[in-house]
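The values are calculated or read from the model by the stated rules, or taken from the named source; none is laboratory data. Predicted model only: the values in this text are computed from it and were never measured. Cβ coordinates were reconstructed from backbone atoms using ideal geometry, including for glycine residues, and neighbour counts include every protein chain displayed. Just so you know, the surface numbers come from the protein's heavy atoms only, side chains and all, with ligands and any DNA or RNA stripped out. Shrake-Rupley method; radii C 1.70, N 1.55, O 1.52, S 1.80 Å.
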Amino acid sequence: MKIKEPQKSAAGLEAVFHSMRMALKSMSPVKIWKVLAPLNQKGGTDCPGCAWPDPDHRSNLGEFCENGVKAIAEEATDRNLDASFFSKHSITDLRNQSDYWLGQQGRLISPMIIRKGQKNYSSISWDEAFDLIASRLNQLKIPDDAIFYTSGRTSNEAAFLYQLFIRIFGTNNLPDCSNMCHESSGVALNHTLGIGKGTVKLEDFYHAELILIFGQNPGTNHPRMLSALEKAKKQGAKVVVINPLKEAGLLKFNNPQEVYGILGRGTDLADLYLQVKINEDVALLKILLFRLLEEAKESLEIIDQDFITQKTEGFDTFVADIKTQDYQSLVKRTGLEVSQIEILVDWLSKKNKIIACWAMGLTQHVNAVDNIQEIVNLLLLKGSIGKKGAGTCPVRGHSNVQGDRSMGIWEKPSKQFLDTLATTFGFEPPRKHGVDVVQAINLMHKEPGKYFMSLGGNFLSAAPDTNYTAKALEQTQMSVHISTKLNRSHLHHGEIGLILPCLGRTDVIVEKSGPQTLTVENSMGTVHTTKGFVKSHTNRLLSEPHIISQIASRTIGDDIVDWQSLIDDYDRIRRLISKAVVGFESFNEKLKKDGIFDLPNGPRNQQFTNDIGKARFTINELPDYQMDPDELLMMTIRSHDQFNTTIYGLDDRYRGVFGTRKVVLMNEADVEKHDLDVDWPVTLYNTHGDKKREVLGLKIVIYEIPKGCIATYFPECNVLIPLESKARKSNTPASKSIKVRLFQ
Ligand SMILES: Nc1nc2c(c(=O)[nH]1)N[C@H]1C(S)=C(S)[C@@H](COP(=O)(O)OP(=O)(O)OC[C@H]3O[C@@H](n4cnc5c(=O)[nH]c(N)nc54)[C@H](O)[C@@H]3O)O[C@H]1N2
Ligand SMILES: Nc1nc2c(c(=O)[nH]1)N[C@H]1C(S)=C(S)[C@@H](COP(=O)(O)OP(=O)(O)OC[C@H]3O[C@@H](n4cnc5c(=O)[nH]c(N)nc54)[C@H](O)[C@@H]3O)O[C@H]1N2
Ligand SMILES: [Mo]
């Protein structure tokens with residue numbers, strides 16, 4: 001374990017070195033070339049890392065980042081987990097291993113089963129596994145006794161078939177990783193603008209005058225965004241970061257594809273860095289709105305009067321609310337200096353092409369929906385929506401999480417979506433809303449005997465309240481995971497536990513009609529193809545669409561959908577999607593032309609598609625905490641060496657943390673206030689309801705973070721997140737603002 005000074009720049013040659021070192025640990029140089037050459041190229045493999053869009057012109061030097069290489073190395077590893085691994089390691093044995101160790105063991109290559117009372121998983125044939133699933137599903141009292149989770153790596157084709165099967169089976173119980181991620185963005189944007197997605201395209205970054213980045217760490221989580229920011233800056237844009245932590249990737253970017261970048265003479269990114277206190281973004285935004293309205297009294301052109309009159313609703317009540325705000329107490333809440341805030345007020349007054357980007361720093365709080373609605377208020381005031389160089393940019397996480405929603409992976413499908421399924425396929429879909437992630441955990445906990453299935457992901461480690469969630473999963477009658485890698489969710493199984501290993505993004509898929517292509521949708525609503533180039537070590541692995549079709553065929557039969565024919569040729573799946581999903585008409589034809597197309601997006605053209613047909617100003621609440629003097633507000637964040645619950649390594653290079661993940665980043669003043677010794681481990685705990693939750697043995701790292709705030713890593717500290725701590729309106733776990741206490 002080593003703690004060093006945090007870095008002040010990101011990427012560069014060091015990133016190239018680290019990525020190659022990681023790749024070489026997993027595979028041969030020839031294979032590395034084979035998987036990396038087509039990565040993010042036209043007609044190639046979509047990186048399973050994040051959902052950041054590809055530029056029109058792709059670099060010949062490689063269109064990927066350090067963390068993309070890590071994601072690829074993790075999936076395309078030469079190591080395999082066969083049945084002998086599971087006979088050697090019992091469940092108890094495996095539970096004692098770290099997430100890092102579990103991931104390092106290799107790819108799952110054989111369907112596995114375990115029954116309550118047994119100590120080890122053992123292999124099972126695909127046929128037996130499919131029949132067992134079908135018979136259990138058909139024995140359920142009601143279809144709502146089954147819960148079907150989805151993670152955002154799943155292709156459009158797999159997602160569409162999955163939800164179609166589940167709805168014909170009879171339930172909308174389709175929780176997904178979005179529920180823990182950008183759900184708050186979806187709720188806020190649907191309500192205010194009429195589409196749960198962002199409005200900007202990559203090109204807009206190059207026309208923007210001001211780019212605001214709230215609660216996001218792109219240097220680690222969306223590294224290719226740094227190239228876009230660099231280009232935007234060269235075109236004259238100013239970048240403002242609003243984040244409690246000074247993230248290296250937002251300070252300076254050493255572009256590894258440019259000589260000056262390699263030499264470390266990179267581009268400074270943030271022109272202004274506002275280290276706001278955790279969850280005080282609404283306070284900051286209210287100050288900005290208050291000040292802009294004040295300034296507009298003197299010079300009317302500061303706000304976009306025409307846009308406000310023609311395109312929006314609720315302006316007068318919004319203004320009345322902002323006028324009642326107390327400037328001084330808002331400033332105090334943010335922990336920022338007036339002089340810093342006024343710089344931003346000045347830039348906002350003078351500029352009209354504004355892009356607001358955000359990620360988990362805004363969406364995972366009790367008032368997360370308010371955070372995003374307040375950003376929309378700011379953009380509406382400036383008329384900064386639906387024009388070149390301006391708009392909303394919720395930066396998505398998983399590479400196809402946005403596509404999964406377009407395909408109908410949602411527990412609250414719209415009436416229009418269900419009506420179209422009904423007419424296209426001739427069945428009556430269930431109309432009652434299903435359960436989201438938090439509701440699913442409660443349901444499995446309170447009513448033992450449910451069926452739980454997950455298409456990708458690691459439900460247990462991703463969800464809050466780890467111990468409570470583990471018990472919920474253990475009480476199911478059957479837990480089924482379609483996965484590429486072993487993870488903690490597999491180790492807390494139901495009465496029967498099944499692991500179904502599948503082909504991943506980098507793998508070649510061959511069916512009767514030949515090699516198959518899949519599709520995904522990026523963070524900016526562009527759909528494109530993806531295909532793998534590595535031949536799997538074993539012919540036992542099946543693709544996700546194949547597995548789903550087999551389960552569907554055996555559970556509900558082939559009367560409504562001819563599942564076998566879909567397996568044979570994935571163009572047929574896309575033909576069904578064309579008929580059932582708006583924007584995907586002539587899907588195959590569009591792909592044949594360019595392999596890429598944009599989905600319709602009303603607000604991008606100032607066509608607001610919500611219930612009132614106008615953009616909506618909203619009134620939002622300030623978070624209302626009652627913090628005791630000995631309490632701290634904790635955010636759980638990602639290190640540089642992880643992809644969600646997949647741990648690539650134990651370093652967080654940019655933050656100067658090496659060889660451990662059990663750390664708590666703290667302000668020096670808090671260390672003194674709580675009389676802590678940095679050489680001793682600390683325990684974090686909280687009591688919510690009648691339950692005490694704790695994490696032991698954390699190393700204190702003195703860090704530049706606002707007083708009263710601390711940061712720990714996800715998923716290790718998910719134990720501390722009470723299931724009840726969730727966002728109003730979106731039900732997203734509040735994993736970025738959890739009250740904790742500590743002792744030594
Ligand atoms: N390499 C890699 N790439 C990834 C992922 C990964 O784990 N690894 N995960 C993918 C997924 S699914 C997602 S959703 C995204 C996540 O991408 P991010 O949202 O960038 O991920 P987090 O680490 O959760 O970072 C949250 C950021 O918000 C800041 N923050 C926390 N609380 C607040 C607050 O109250 N206000 C403000 N203004 N800021 C705050 C934190 O300091 C941190 O910089 O990345 C995707 N890409
Ligand atoms: N405390 C805290 N909790 C959080 C967050 C946080 O910031 N803080 N972030 C939340 C967010 S933003 C998200 S998106 C969720 C993530 O939640 P999930 O999406 O459920 O979790 P992942 O870690 O991405 O899933 C990893 C697993 O997916 C499987 N997998 C990988 N590739 C494939 C594939 O191609 N096909 C299939 N079938 N399986 C595959 C592997 O078995 C791997 O173990 O976690 C959430 N939880
Ligand atoms: Mo996410």
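The figures follow:
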item: Test: residue in the stretch 439-450 that is touching a residue at least 60 places away in the same chain (Cβ under 8 Å), among the β-branched types (Val, Ile, Thr) and within 16 Å of ligand 3 (Cβ to nearest atom); result: no
item: Candidate set: the stretch 707-730, residues that are assigned to a loop (DSSP other than H, G, I, E, B) and surrounded by 19 or more Cβ atoms within 10 Å (Cβ to Cβ); chosen: the one nearest to ligand 1 (Cβ to nearest atom); result: Phe714
item: Test for Ile647: is it within 15 Å of ligand 1 (Cβ to nearest atom) and either at pLDDT 95 or above or within 25 Å of Pro464 (Cα to Cα) (or both); result: yes
item: Selection within the stretch 142-185 - out of contact with any Asp or Glu (no Cβ under 9 Å at 6 or more places or on another chain), open to solvent by 10 Å² or more (accessible area, probe 1.4 Å) and away from ligand 3 (no atom under 16 Å from the Cβ); result: Ile142, Pro143, Asp144, Ile168, Phe169
item: Subset of the stretch 670-695 (residues that are over 18 Å from Glu716 (Cβ atoms) and touching a residue at least 24 places away in the same chain (Cβ under 8 Å)); result: Asp670, Val671, His674, Leu676, Asp677, Val678, Trp680, His688, Gly689, Lys691
item: Strands (runs of 3 or more DSSP E) fully within the stretch 405-518 counting 2 or more residues that are among the polar types (S, T, N, Q); result: 478-483
item: Test: residue in the stretch 129-152 that is free of Cβ contacts under 8 Å to residues at least 60 places away in the same chain and at positive phi; result: no
item: Considering residues of the stretch 709-725 that are in contact with a helix residue (DSSP H, G or I) (Cβ under 7 Å, 6 or more places away or on another chain) and not aliphatic (A, V, I, L, M) only, the residue farthest from ligand 2 (Cβ to nearest atom); result: Pro715
item: Number of the exception - Ile195 against (1) part of a helix (DSSP H, G or I); (2) open to solvent by 20 Å² or more (accessible area, probe 1.4 Å); (3) hydrophobic (A, V, I, L, M, F, W, C); result: (1)
item: Residue in the stretch 67-78 that is at pLDDT below 95, over 30 Å from Gln477 (Cβ atoms) and open to solvent by 20 Å² or more (accessible area, probe 1.4 Å) present; result: yes
item: The lone exception for Thr476 - which of (1) within 23 Å of the chain's Cα centre (by Cα); (2) open to solvent by less than 10 Å² (accessible area, probe 1.4 Å); (3) over 19 Å from Thr732 (Cα atoms) it fails; result: (1)
item: Enumerated helices (runs of 4 or more DSSP H) restricted to the stretch 41-107, each holding at least 2 residues that are touching a residue at least 40 places away in the same chain (Cβ under 8 Å) and outside the structural domain of Phe643 (by TED's automatic domain parsing); result: 66-75, 91-95, 99-104
item: Helices (runs of 4 or more DSSP H) completely within the stretch 536-602 that count 2 or more residues being at pLDDT 95 or above and buried (at least 22 other Cβ atoms within 10 Å of the Cβ); result: 544-556, 563-568, 570-580
item: Residue match in the stretch 386-399 (condition: of a type in the set (Ser, Thr, Tyr) and open to solvent by 30 Å² or more (accessible area, probe 1.4 Å)); result: no
item: Residue in the stretch 478-487 that is within 16 Å of ligand 3 (Cβ to nearest atom) and closer than 28 Å to Val581 by Cα present; result: no
item: Only one of Met666, Met634 that is in contact with a His (Cβ under 9 Å, 6 or more places away or on another chain), among the hydrophobic types (A, V, I, L, M, F, W, C) and modelled with pLDDT of 95 or more; result: Met666
item: Close pairs (6 angstrom Cβ cut-off, 6 or more residues apart or separate chains): at pLDDT 95 or above in the stretch 454-472, part of a loop (DSSP other than H, G, I, E, B) and among the small types (Gly, Ala, Ser) anywhere; result: Gly456/Ser151; Gly457/Ser151; Thr469/Ala463
item: Filter pass, Thr517 being open to solvent by 30 Å² or more (accessible area, probe 1.4 Å), modelled with pLDDT of 95 or more, touching a strand residue (DSSP E or B) at 6+ places or on another chain (Cβ under 8 Å) and closer than 23 Å to Arg572 by Cβ; result: yes
item: Residue ID - nearest to ligand 2 (Cβ to nearest atom), chosen from residues in the stretch 171-192 that are part of a loop (DSSP other than H, G, I, E, B) and more than 21 Å from Ile385 (Cα to Cα); result: Cys181
item: Given (1) outside any strand (DSSP E or B); (2) without any contact (Cβ under 8 Å) to a residue 60 or more places away in the chain, index of the condition Leu698 fails; result: (1)
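This table checks each residue for (1) within 16 Å of ligand 3 (Cβ to nearest atom); (2) closer than 24 Å to Val527 by Cα.
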residue	(1), (2)
Glu203	no, yes
Gly215	yes, no
Leu226	no, yes
Lys234	no, no
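Matching residues to (1) assigned by TED's automatic domain parsing to the domain that holds Ile637; (2) open to solvent by 30 Å² or more (accessible area, probe 1.4 Å); (3) touching a strand residue (DSSP E or B) at 6+ places or on another chain (Cβ under 9 Å):
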| residue | (1), (2), (3) |
| --- | --- |
| Asp281 | no, no, yes |
| Thr309 | no, yes, no |
| Glu313 | no, yes, yes |
| Ala359 | no, no, yes |
